[in-house]
Amino acid sequence: LPELPEVETVRRGLDHLYAGRTLRALEISGARTVRRHPPEHLQRLAGSVLVGAFRHGKYLLLHWSGGEILVVHLRMSGQLLAAPAGSPRPPHTHAVFSFAGQRELRFVDPRTFGELFLAGVQWTPTPASPSVSRGLPAELAHLGPDALRVGPSELAAAIAGRRAPLKALLTDQRLVAGVGNIYADEVCFWAGLRPQRPGGSLRPWDLRRLAASLRSVLEAAILARGSTLGDERYRDIEGAAGTYQFEHKVYGRAGEACTKCGQTVQKIKMGAKSAYFCPKCQR
Ligand SMILES: [Zn+2]
């Protein structure tokens with residue numbers, strides 16, 4: 001499912017194709033797609049200009065000229081796809097934003113775990129001004145710092161002294177936002193650390209390597225426009241697959257030879273998740 005590099009690729013596409021354009025109309029058809037408030041509330045965006053697309057962790061934040069912030073979470077299978085107005089809509093199209101210039105932006109989501117909501121809009125009638133905390137809408141205030149912007153000392157503070165395994169800590173969105181299954185394993189490989197190591201067992205130099213690996217893996221994956229795996233539906237805004245899956249060192253490679261040392265990559269169970277690692281390169 002989309003992690004930080006995939007969501008960032010979508011964000012750049014949104015900014016490039018739609019920022020500065022006026023939203024003429026929007027249609028919401030999926031009952032689950034807008035579930036935090038009545039879907040009609042989104043109609044207030046009609047006539048507004050998309051100021052820009054921002055991101056925190058795996059969440060997209062679309063800022064509008066009227067001051068609204070539309071939050072988009074793709075979750076399992078959500079896609080935002082650009083299309084010319086009037087072209088056939090794919091199955092599972094749950095929301096359509098019609099922009100000036102005959103361009104549509106479609107939210108397509110077969111599994112319907114994804115969602116859209118206006119920040120600061122409540123079920124109960126309250127003043128609908130976006131409530132901002134730490135520069136983020138209140139709905140996202142539980143998230144830790146973005147994984148691409150977290151400082152080495154901030155990351156070290158989140159991990160030092162913890163009993164939980166490194167992979168569980170890296171994927172805990174409250175500690176650092178944006179990393180999921182794939183990139184946690186890849187970051188641990190580049191840092192030379194086993195994903196099952198308790199956070200508290202990491203030495204200062206381990207933590208420095210971890211911070212550097214986190215940054216470099218995420219940046220390389222963004223350059224490659226994310227990872228599209230066989231069973232996943234991630235596509236960028238123009239429907240193209242990413243290419244970082246061809247650079248994965250351990251994720252999904254159990255039984256194959258490590259490209260660095262030749263040892264067999266292993267897969268272990270970690271609670272409900274699993275983790276891949278090289279027993280020689282990672283300690
Ligand atoms: Zn190796």
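The values are calculated or read from the model by the stated rules, or taken from the named source; none is laboratory data. As the structure is a prediction and not an experimental result, all values here were calculated from the model. Note that we place each Cβ from the backbone using ideal geometry, even for glycine, and neighbour counts take in every protein chain shown. In case anyone asks, the SASA skips ligands and DNA or RNA and just uses the protein heavy atoms, side chains included. Shrake-Rupley method; radii C 1.70, N 1.55, O 1.52, S 1.80 Å.
Assorted remarks:
- Scanning segment 1-37 for residues that are in a loop (DSSP other than H, G, I, E, B) and either crowded, with 20+ Cβ neighbours inside 10 Å or in contact (Cβ under 8 Å) with a residue 60 or more places away in the chain (or both) yields a total of 12.
- Checking each residue in segment 72-88 for being outside any loop (DSSP other than H, G, I, E, B) and either within 12 Å of residue 60 (Cβ to Cβ) or open to solvent by 20 Å² or more (accessible area, probe 1.4 Å) (or both) picks out 72, 73, 79, 80, 81, 82, 84.
- Against the test of being among the acidic types (Asp, Glu), modelled with pLDDT of 95 or more, under 21 Å from the mean Cα position of the chain (by Cα) and within 16 Å of the ligand (Cβ to nearest atom), the options 256, 247, 219, 238 yield a single qualifying residue, 247.
- Flag for residue 49 being at pLDDT 95 or above, touching a strand residue (DSSP E or B) at 6+ places or on another chain (Cβ under 7 Å) and either open to solvent by 30 Å² or more (accessible area, probe 1.4 Å) or within 19 Å of residue 12 (Cβ to Cβ) (or both): yes
- Among all residues of segment 50-69, there is none that is more than 18 Å from residue 19 (Cβ to Cβ) and assigned to a strand (DSSP E or B).
- Taken over segment 166-197, the criterion of being at positive phi and crowded, with 21+ Cβ neighbours inside 10 Å is satisfied by 178 alone.
- Boolean, residue 237 is open to solvent by less than 60 Å² (accessible area, probe 1.4 Å), assigned to a helix (DSSP H, G or I) and within 17 Å of residue 1 (Cα to Cα): no
- The set of residues in segment 198-228 being touching a Cys at 6+ places or on another chain (Cβ under 9 Å) and surrounded by 21 or more Cβ atoms within 10 Å (Cβ to Cβ) consists of 210 alone.
- Restricting attention to segment 259-277 and to residues that are surrounded by fewer than 16 Cβ atoms within 10 Å (Cβ to Cβ) and within 11 Å of the ligand (Cβ to nearest atom), the residue that is nearest to residue 224 (Cα to Cα) turns out to be 259.
- The single condition from (1) more than 10 Å from the ligand (Cβ to nearest atom); (2) in a loop (DSSP other than H, G, I, E, B); (3) open to solvent by 60 Å² or more (accessible area, probe 1.4 Å) that residue 280 fails is (1).
- Every pair of residues 6+ apart whose Cβ atoms lie under 6 Å, when the first sits in segment 254-283 and is over 17 Å from residue 170 (Cα atoms) and β-branched (Val, Ile, Thr) while the second is away from the ligand (no atom under 11 Å from the Cβ) and not in a loop (DSSP other than H, G, I, E, B): 265/276
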